[in-house]
Amino acid sequence: MDRILISKPYLFHTLMDISLPILARTVCGLAATTALLSGCGGVEIKAPVSWGGTNIVQADNLYFAGQPDQKTLEAARDAGIDIVINMRLPNELEWDEAAAVRELGVQYLSMPVSKTGPGFDSAVIESLHDIVTRNADRNILLHCSTGNRVSAWYALYLVQKHGLSQEEALSIAAQTGLTRAGLVTRVEEYLR
């Protein structure tokens, strides 16, 4: 089995969890009647599909989701997912997802990002950028509890690694699942 390519160590951290208001932010918009959505900046976002009851949004080789269950993980494997990256904090997990993923023969990586806080841990963000870049030829499922954190990371990735404007990146991230105003603000502050 191939190994996940990581060149930088990553850090774990926790911050107090608080409820945030929801903000739907889409500049390019979603077209419900089309199967393939062309996003800003040349990024194509495919219309959401359901794997085992969990909605999945695809952008190139990246698949974005909220918390998958066993059926979703099996569907992900069957769809060709090579790597699952969990961005939830360890204290958020209610089951042994790592064991379930590994049992399916899929690689698993935990890269925790807090739901709240003044910013993002730059070491974790850079490690995520590195892992995704080094594994561009592999299908990667990234998830958190709702899809918000993975989509916030994606906005950062699009700006820092693909040169998109902040506005374009946030629009695309809205299509992949970024709806929380607090996370939009954290992305904007991180990019300053």
Q.
Restricting to region 77-126, name every residue that is assigned to a loop (DSSP other than H, G, I, E, B) and polar (S, T, N, Q).
A. Ser114, Thr116
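Just give me the residues in region 78-107 being buried (at least 18 other Cβ atoms within 10 Å of the Cβ) and either in contact with a Leu (Cβ under 9 Å, 6 or more places away or on another chain) or more than 23 Å from Thr185 (Cα to Cα) (or both), in sequence order.
Of everything in region 78-107, those that are buried (at least 18 other Cβ atoms within 10 Å of the Cβ) and either in contact with a Leu (Cβ under 9 Å, 6 or more places away or on another chain) or more than 23 Å from Thr185 (Cα to Cα) (or both) turn out to be Ile81, Asp82, Ile83, Val84, Ile85, Asn86, Met87, Leu89, Glu97, Val101, Val106, Gln107.
Could you check how many residues of region 136-152 are in contact (Cβ under 8 Å) with a residue 60 or more places away in the chain and crowded, with 21+ Cβ neighbours inside 10 Å?
First, the residues of region 136-152 that are in contact (Cβ under 8 Å) with a residue 60 or more places away in the chain: 136-147, 149-151.
With the extra rule that they be crowded, with 21+ Cβ neighbours inside 10 Å, the set shrinks to 140-144, 147, 149-151.
The total comes to 9.
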Q: Kindly indicate which of Leu178, Leu156 is crowded, with 17+ Cβ neighbours inside 10 Å, outside any strand (DSSP E or B) and without any contact (Cβ under 8 Å) to a residue 60 or more places away in the chain.
A: Leu156
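Taking the condition modelled with pLDDT under 50 and touching a Ser or Thr at 6+ places or on another chain (Cβ under 7 Å), does Val57 pass?
no
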Q. What about Asp82, is it within 19 Å of Tyr154 (Cβ to Cβ), among the acidic types (Asp, Glu) and at pLDDT 95 or above?
A. yes
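The values are calculated or read from the model by the stated rules, or taken from the named source; none is laboratory data. Bear in mind that the values here come from a model prediction, so they are computed numbers and not experimental data. A quick note on method: Cβ atoms are made from the backbone with ideal geometry, for glycine too, and the neighbour counts reach across all protein chains shown.
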